[in-house]
Each structure stands twice: as structure tokens, then as C-alpha cells.
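See below for the structure under consideration.
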Amino acid sequence: MSWIKPNFTWMMYRSGWATKNNQERILAIKLSRQGFEEIISKAVPTNFNSFSPISREEWQEKLKSSEVRVQWDPDHNLLGKKIQRRAIQLGMKGDILKKYSDEYIISIEDITEFVNEQYELIKMNKLDQVMTPVEQIYDLADKVYE
């Protein structure tokens, strides 16, 4: 399974700002909206929710057969402290993973140097100078809900 982690600060926390072993490069992958929404539309939560309209057994079956899993982890601020907001992660396998790599990716950019520069500012406690991508609530197209 391969995972999309679209939240910048969560990725920086997870990679130690590109300092952790085997996480020294940070790639920004731009996807088409259509591709992202197709991935989202196929996602099954990794955890059962008792408020779900389906039974635990139905959820387990959906999870087992799904090519996309969604989970929500605590987001982190620039200093690595957990914040109330959650960060989405999407795991893919099978045909949807192939479509992701062959069709949905618009561009891939190595932003490691940018990440290193921002981390230096954090270490110097110049948080007001740190630049991060603008993140906002993602409004899904109606077709995802069908």
C-alpha cells in the first residue's frame, strides 16, 4: 500500500523536517482534482465508527476489498506539537494505485531545499518567517457523494 499524505505540517512532523532516516527527500506531488476525488470516493475508513450506517461486519468486508483506505491522524504545528485539527492520509493499492501513478499525477517537485530552509528558521525560533503552503478545507464535488 502506498500513502498520500497531503498535509504539509503532518509530513514535516513525520519526516522530522527531512532529517529522519530514509525520509531525507520531500516531494510535492500535484494531482488532478478528478483523480483526487476518485481516490476519495473509493476510500474506506481504517477504523470502524459506531455511528456508521453499516455494521462492523460490513465495514470489515468493505475494508478488506477496498483499494483505498482513509485515516485521520492528529495534525502538528511547526514545533511538532499535536493540534486539534486532523490530517488525512489515503492509502492505495491495486488498480487505483496504478491510475494514481499513470494518470492522476500532474507534477512532482523536490522541495527538500525549501523544507531545509524552513527548518533552519524553526531552529532559530523565527517562526514568523516560516513559509508553509496555504491549507484549507477541501470542498468535494457532489459526484463524490453519489
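Readers should treat all values here as calculations from the given coordinates under stated rules, not as data from a laboratory. Keep in mind it's a predicted model, so treat the numbers as computed, not measured. Reconstructed Cβ throughout: ideal geometry from the backbone, glycine too, with neighbour counts over all protein chains shown.
Take 100-110, 121-131 and order them by the average number of nearby Cβ atoms within 10 Å per residue, most first; the result is 100-110, 121-131. Scanning residues 5 or more positions from Val68 or on other chains, those with amide H under 5 Å from its amide H are Val44, with H placed 1.01 Å from N in the peptide plane.
Within the stretch 1-88, list the GluC sites (Glu not before Pro) lying in a DSSP loop whose Cβ has at most 15 other Cβ atoms in a 10 Å radius. Of the GluC sites (Glu not before Pro), the ones in loops of the stretch 1-88 whose Cβ has at most 15 other Cβ atoms within 10 Å are Glu24. In order along the stretch 73-79, the phi-based Karplus estimate (6.51 cos²θ - 1.76 cosθ + 1.60, θ = phi - 60°) of 3J(HN,Hα) comes to 10, x, 7, 9, 7, 4, 8 Hz; Gly and Pro are listed as x.
In the stretch 36-113, inverting the average of 1/r over every pair of distinct C-alpha atoms gives 14.7 Å as the Kirkwood radius. Given R0 = 30 Å, the distance between the Cβ atoms of Trp3 and Ser41 translates into a calculated FRET efficiency of 0.95.
Over the chain, the hull volume per residue, using the convex hull of the C-alpha atoms, is 135 Å³.
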